[in-house]
Amino acid sequence: MTAASVSLDRAQGENVPANPVALAQATVGSLRISIQALGRQEVRVGIRPGKSGRTPLLIFNGIGARLELLAPLADEIDANREVIIFDIPGAGESPAPRLPFTLWEMARLTLLLLDRLGRDRVDVMGISWGGTLAQQFALQYPGRCRKLILAATTAGALMVPGNPLNLLRMATPRRYNDPGYWQANFGKLYGGAAHASSQLWCAFTEQSRPTSRRGYLYQQLALVGWTSLPFLPFLKNPTLILAGNDDRLVPLINARVMARLIPNSQLQIFEDGHLFIASKVEECAAAIDEFLFPN
């Protein structure tokens, strides 16, 4: 099955809002940027080079997020390890597909990307929405995933929900497209350092751009009816689960449930909210490096 056959083809009419400056850049932090054509779907990819012999780390981002938001984390991870991040179709600078997609199809597109890059086996990390895709990829292609890292994420439709008002605030991409709205709701949405630090909001604003309404909707639709809960006991990959104790979107109980169900897993809790990957970037990178060592 090709990317085109699952409707992950280049959108007609509405693309993700272009950022000519970002598209012209050869690098974002330590990430080298390229556009990769997978069938008729193009994706924008950032790669931080590493040393041969080390298993590359593939990171899936949160809903509507662009790879720039993960550049600081990539910069902090062991310089010997290659890091691969790409804008999900409809987010960042990857054009939105014509039709909605499933997580199965997005995992398949990821496999096409790894084949194109010549990467046989990777470690996989997923953050928030990206954590559901990371679980799907590991379950769908266990032979291509060595270790799994799940950060600020859930098992899908059967999750323990956070504040209902926050779920409503997340229902549209307004937080990316309306700076005033995002600033007013930043702490309420994410908790932890986001509630107390204007510096974190400024950093996110600097690295964010308006996102496609259609792409955002497609990412939401990919989760409708999806859950990994019945399959987690069969997940054999060594798994590190990272969670914040003041996460207003994904309550800590979700991480505890996944840690109980995944046989070879460990849980690390940060004194922070949903954005601990950004507010505690050095501590997160250290936890990631220790878990992935030595390969």
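The values are calculated or read from the model by the stated rules, or taken from the named source; none is laboratory data. Everything quoted here is computed from the prediction, not taken from an experiment. Neighbour counts are summed over all protein chains in view; Cβ atoms, including those assigned to glycine, are modelled from backbone coordinates with ideal geometry. Note: accessible area is taken over every heavy atom of the protein model, side chains too, but ligands, DNA and RNA are not part of it. Shrake-Rupley method; radii C 1.70, N 1.55, O 1.52, S 1.80 Å.
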Q: Take the Cα atoms of segment 82-234, build their convex hull, and give its volume per residue in Å³.
A: 131 Å³
Q: Return the percentage of antiparallel bridges among DSSP beta bridges fully within the chain, rounded to the nearest 5 %.
A: 40 percent
Q | Relative contact order (%) - criterion: Cα under 8 Å, at least six apart; region: the chain | A | 20 percent
Q) Taking only protein heavy atoms and a 1.4 Å probe, what accessible area per residue, in Å², does the chain have with all protein chains in place? A) 41 Å²
Q: Using label points projected 7 Å from each Cα along Cα→Cβ, tell me how many nm separate Ser198 and Arg32, to one decimal.
A: 4.1 nm
Q) segment 213-285 to segment 38-110: how many Å between their Cα centroids? A) 18 Å
Q: Would you mind classifying segment 63-132 by shape? Square roots of the alpha carbon gyration tensor eigenvalues, ordered a ≥ b ≥ c; an a/c under 1.5 is rounded, otherwise it is prolate if a/b is larger than b/c and oblate if not.
A: oblate
Q. Rounded to the nearest 0.05, what FRET efficiency do Asn163 and Asn80 have when you use their Cβ-Cβ distance and R0 = 35 Å?
A. 0.30
**Q.** Percentage relative contact order, segment 220-269, counting C-alpha pairs under 8 Å, at least six apart
**A.** 44 percent
Q. Any idea what the relative contact order of segment 122-197 is, in percent, if you count C-alpha pairs under 8 Å spaced at least 6 apart?
A. 23 percent
Q | Arg213/Ser52 FRET efficiency (R0 30 Å; Cβ-Cβ; nearest 0.05) | A | 0.10
Q) Label-point separation (nm) for Leu221 and Lys236, each offset 7 Å from Cα along Cα-to-Cβ? A) 3.6 nm
Q. log₁₀ I(q)/I(0) of segment 42-164 at q = 0.11 Å⁻¹, via Debye over equal Cα point scatterers, no solvent, to two decimals?
A. -0.35
Q) If you wrap the chain's Cα atoms in a convex hull and average its projection over all directions, what's the area in nm²? A) 13.5 nm²
Q.
For the ranges 98-107, 259-268, 272-281, 237-246, what's the packing order if you count other beta-carbon atoms within 10 Å of each residue, average per peptide, and put the highest first?
A. 272-281, 237-246, 98-107, 259-268
(Q) Over the chain, how many pairs of lysines fall under 22 Å by alpha carbon, counting only those 8 or more apart in sequence or from different chains? (A) 4
(Q) If I stretch the segment between Leu99 and Glu282 completely, what's the gain in nm (0.36 nm per residue apart, minus their alpha carbon distance), one decimal? (A) 62.0 nm
